[in-house]
Amino acid sequence: DNLESAGLFKIRGRPVQHRLHLEDGRWLTTPYPLGKHVAAFHKGLSLMSYNRDSSVLACPIGAPLPSPYNLVATKCTGALPRLNRNSAEIEYSGVPASVAAKIWRSLYD
């Protein structure tokens, strides 16, 4: 691990912490899911996808939606997210496009 580079780091200890190292040199403690999305944002990536035809919002297994966005996506139908082993994604079904857009803007805009 290069601690000089920006990104998300796991700090082993009791308790385990996840620390986000920003380009400006700051270190921030963050929950793992939020840290994954913020680190991706700083690299110009989005870890969230949305399929308008099926109303499915998806994230990679290793980067689930952070709270409270995971709760918002789940409450659209009340159904728990589904693990799609073929695509290695966590899928939230029945998410209206307007809700998916607000979640995306909150994380990446």
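Some notes on this structure:
- Pick from the stretch 1-36, criterion surrounded by 12 or more Cβ atoms within 10 Å (Cβ to Cβ) and of a type in the set (Gly, Ala, Ser), ranking: nearest to LEU107 (Cα to Cα): GLY35
- Number of positions in the stretch 71-109 that are closer than 17 Å to PHE41 by Cβ and either assigned to a loop (DSSP other than H, G, I, E, B) or under 12 Å from the mean Cα position of the chain (by Cα) (or both): 6
Matching residues to (1) in contact with a Leu (Cβ under 8 Å, 6 or more places away or on another chain); (2) touching a residue at least 12 places away in the same chain (Cβ under 8 Å); (3) farther than 24 Å from ASN70 by Cα:
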site: GLY7; (1), (2), (3): yes, yes, no
site: ILE11; (1), (2), (3): no, no, yes
site: THR30; (1), (2), (3): yes, yes, no
site: VAL38; (1), (2), (3): yes, yes, no
site: SER54; (1), (2), (3): no, yes, no
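- Close contacts from the stretch 89-109, counting a first residue that is farther than 14 Å from CYS76 by Cα and a second that is hydroxyl-bearing (Ser, Thr, Tyr) and assigned to a strand (DSSP E or B), with Cβ to Cβ under 8 Å and a gap of 6+ residues or different chains, come to GLU89/SER49; TRP104/TYR50.
- Listed conditions (1) modelled with pLDDT of 90 or more; (2) in a loop (DSSP other than H, G, I, E, B); (3) over 18 Å from ASP109 (Cα atoms); (4) open to solvent by less than 70 Å² (accessible area, probe 1.4 Å) are all met by LEU47, apart from (3).
The values are calculated or read from the model by the stated rules, or taken from the named source; none is laboratory data. Being a predicted model, the structure only gives us computed values, none of them experimental. As a convention, Cβ positions derive from the backbone with ideal geometry for all residues, glycine included, and neighbour counts pool all protein chains shown. Ligands, DNA and RNA are excluded from the accessible area calculation, which covers all protein heavy atoms including side chains. Shrake-Rupley method; radii C 1.70, N 1.55, O 1.52, S 1.80 Å.
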